[in-house]
Amino acid sequence: MKKLLCILLTFLLILTLSSCASDKAEERSFEAMDTVMHFKTYGYSYAPDVMEKLAGVLDSLLSTEDEESDIYRLNHNGSANLGADALALIKRSLSLSADLKAYFDPTVYPAVCEWGFISGDHHVPDEKRLKELAAHIDSAKVKVVGTTVTLPKDTAIDLGAVAKGYLADECRNALEVSEAPCAIWNLGGTILLYGKKPDGTDFKVGVADPENPASYFGYLTCGEGIVATSGGYERYFEEGGKRYIHILDPTTAKPVDNGTLSVTVFSQDGVLSDALSTALFVMGADKAAEYRRTRKDFDFIILTDDNKLYLSEGIYDDFSLESGYDYEMIKVQ
Ligand code: AMP
Ligand code: MG
């Protein structure tokens, strides 16, 4: 796959040399990673073709369901020799999991399956089963030797929380060798903002209203970077009048139910933005604020079900609330 990326980059470079910069944006949408991706690229008309291929390849490499994928082979054989992309993302996920401890763990996959989020056969498992599942969520037990990854018994990996962030990083690497001055690529909720817009204005990113995801409750004005959002509204089911979402607390194997509605993270690192949008969702606003005090290389926007909007200090002044939303905006130092 890394080889494939090199070929794509060379292709991109050749095309770049024959393309001419303009203020006109080319737009394209397609499906990959179970989502619709939307590409808007300025002054460069070939990048979407290349990225469409890249997203398709990453999708097949990182998917848990595609029998040809590296992750499928690993999960079904317990051990596998992996290609460069799957290996790089597993290593990165394990190191993020070591840092984020109980909040982010790629070995939640068996629990994600048990709740029916993969098959669509949703149900609430009994407490005994949940305890068994929680006992097997522990990324510290995954072993990596050279290019071989080995999982403990009854453990499986899911890179769903970081795959789009990884794709965003790969896309940015490809754009850097092109002459495209600017790109706004929505990789299904994870947004890559690259370069500078031809009219000199900053980027403006809408944050989805969890109650009506087609609308935005506000806008973040920012420079280049990667914006990732996690929300319970993206995938959930209801049983007995209660909503069960697809983001799980690794310590209990249960869907998070802590009053968080959505988490948006902005940083210069796609995998970090994506991992943190999931992890801060599990943490909740107070612990997320504490965590940010330990590192300042990201900013967040957290909406909770009591209509509070927590914004870290780095972006507080760059966020504007849409009229009609009366959220209390709280600046987190
Ligand atoms: P995201 O939409 O980026 O928040 O990713 C959510 C997806 O990551 C879920 O659909 C699961 O496949 C997986 N997942 C759920 N909870 C966790 C967690 N606590 N840590 C890591 N991955 C998770
Ligand atoms: Mg994520």
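Computed from the coordinates by the stated procedures, all read-outs in this text should not be read as laboratory data. All figures in this text were calculated on a predicted structure; none of them were measured in a lab. Quick reminder, even Gly has a Cβ in these numbers, built from the backbone with ideal geometry, and neighbours come from all protein chains shown.
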The stretch 273-294 residues near the modelled L321 label - backbone nitrogen below 19 Å, point 7 Å along Cα→Cβ: 285-286
Suppose the chain between K331 and V145 were pulled fully straight at 0.36 nm per residue; how much longer would it get relative to their current alpha carbon spacing? 62.6 nm
C-alpha center-to-center spacing [the stretch 272-332, the stretch 211-263] in angstrom: 13 Å
Ranked from fewest to most other Cβ atoms within 10 Å of their own Cβ, R172, R129 fall in the order R129, R172
Magnitude of the charge dipole, the stretch 132-260, Cβ model with Lys/Arg +1 and Asp/Glu -1, debye to 20: 180 debye
Given charges of +1 on the Cβ of Lys and Arg and -1 on the Cβ of Asp and Glu, with all other atoms neutral, how large is the dipole of the chain about its Cα centre, in debye to the nearest 20? 960 debye
Between A214 and N307, what is the FRET efficiency for a Förster distance of 30 Å, r being their Cβ-Cβ separation, to the nearest 0.05? 0.90
Sum -39500 (n - 2.57) across every DSSP H segment of at least 4 residues in the chain, then divide by the residue count to get the 222 nm mean residue ellipticity, nearest 500. -10500 deg cm²/dmol
In nm, the gap between the two label points placed 7 Å beyond Cα toward Cβ at S79 and R129 is 3.1 nm
Please pull out the direction-averaged projected area of the chain, using the convex hull of its alpha-carbon atoms, in nm² to one decimal place. 16.9 nm²
Set of lysines with alpha-carbon distance to K53 below 18 Å, sequence-local pairs under 8 removed: K2, K3, K40, K164
Which residue, chosen from L193, N75, L309, occupies the Cα position most advanced towards the positive end of the dipole of the chain, where the dipole is computed from +1 (Lys, Arg) and -1 (Asp, Glu) charges on Cβ about the Cα centre? N75
Ranking K24, K204, K197 by Cβ neighbours within 10 Å, fewest first, what do you get? K24, K204, K197
